[in-house]
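Student: Input: one structure, supplied below.
Here, each number is a calculation from the coordinates, and none is a lab measurement. All values reported here derive from a predicted model rather than from experimental measurement. For neighbour counting, all protein chains shown are included, and Cβ atoms are generated from backbone atoms with ideal geometry for every residue, glycine included.
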Amino acid sequence: MMTNLFSTFEPSTNIFNLSLNWTSTFLGILFIPLMYWLLPSRINIIWNKINLTLNSEFKNLLSPKSFNGTTFIFISIFIMMMFNNFMGLFPYIFTSTSHLAFTFTIALPMWLSFMLFGWINYTNHMFSHLVPQGTPPALMSFMVLIETISNIIRPGTLAVRLAANMIAGHLLLTLLGNTGPSMTMNLISMLVIGQMLLLILESAVAMIQAYVFSILSTLYSSEVY
């Protein structure tokens, strides 16, 4: 009777002969805040270095008159875009950044906030941006029209650039993958190598497009001051 009583506490849940009962020992570590760790993990060190690098990069692009902490807005945008871009590379996961409904929803409110803040607080400075320095008087009216149009289409170019670059690579991967069943074994091996190279390229595009989106947003905000 005593043996049966204590046998109920023995590890019994297993997958491939690996006991899962002992995993409960490590669950408490998940709830310990990072401030209680003596040394940060390697992932935290890498993540902090990325944030510091982006912070210094965005700070150089922003105007000296910008508010403190403005860089964290664009760092958050970069992280969100890069995360969504990478998630779309996994099979059967919806790629939100390849749709204009997502990218335009982020670009338009951000551009509107820059424009409203600039025209309300720095009206003369915003008017000076419509006429570049050194423009002949005869061309001033045309330059105002051109600069106004180029400023209005900025949120659209931000949204279309990100969505088009993300959906182009996914379409190419899908089209190449659909031709696999009709190929011979030799061509399939070449197709797999090509798919792997395209996947590496798409991983680079995921980071580059997130960086381009956040950098252009930073440049647009720096013109307000």
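Student: What ranking do 81-94, 205-218, 112-125, 161-174 get when scored by the average of other Cβ atoms within 10 Å per residue, highest first? Show your work: numbers first, answer last.
Tutor: On the way: 81-94: 14.9, 205-218: 19.9, 112-125: 12.9, 161-174: 17.1.
Packing order, densest peptide first, comes out as 205-218, 161-174, 81-94, 112-125.
Student: Further, regarding this structure: What does the net charge come to around Tyr122 if you take all other residues with beta carbon closer than 11 Å to its beta carbon, with K and R at +1 and D and E at -1? Write down the numbers at each step before the final one.
Tutor: Working: positive: Lys65; negative: Glu223.
Here the charged neighbours net out to 0.
Student: Quick one: grab the alpha carbon gyration tensor of the stretch 24-171, order the square roots of its eigenvalues as a ≥ b ≥ c, and give me rounded if a/c is under 1.5, else prolate or oblate depending on whether a/b is larger than b/c. Mind showing how you got there, number by number?
Tutor: Numbers: a/c = 3.23, a/b = 1.74, b/c = 1.86.
Oblate.
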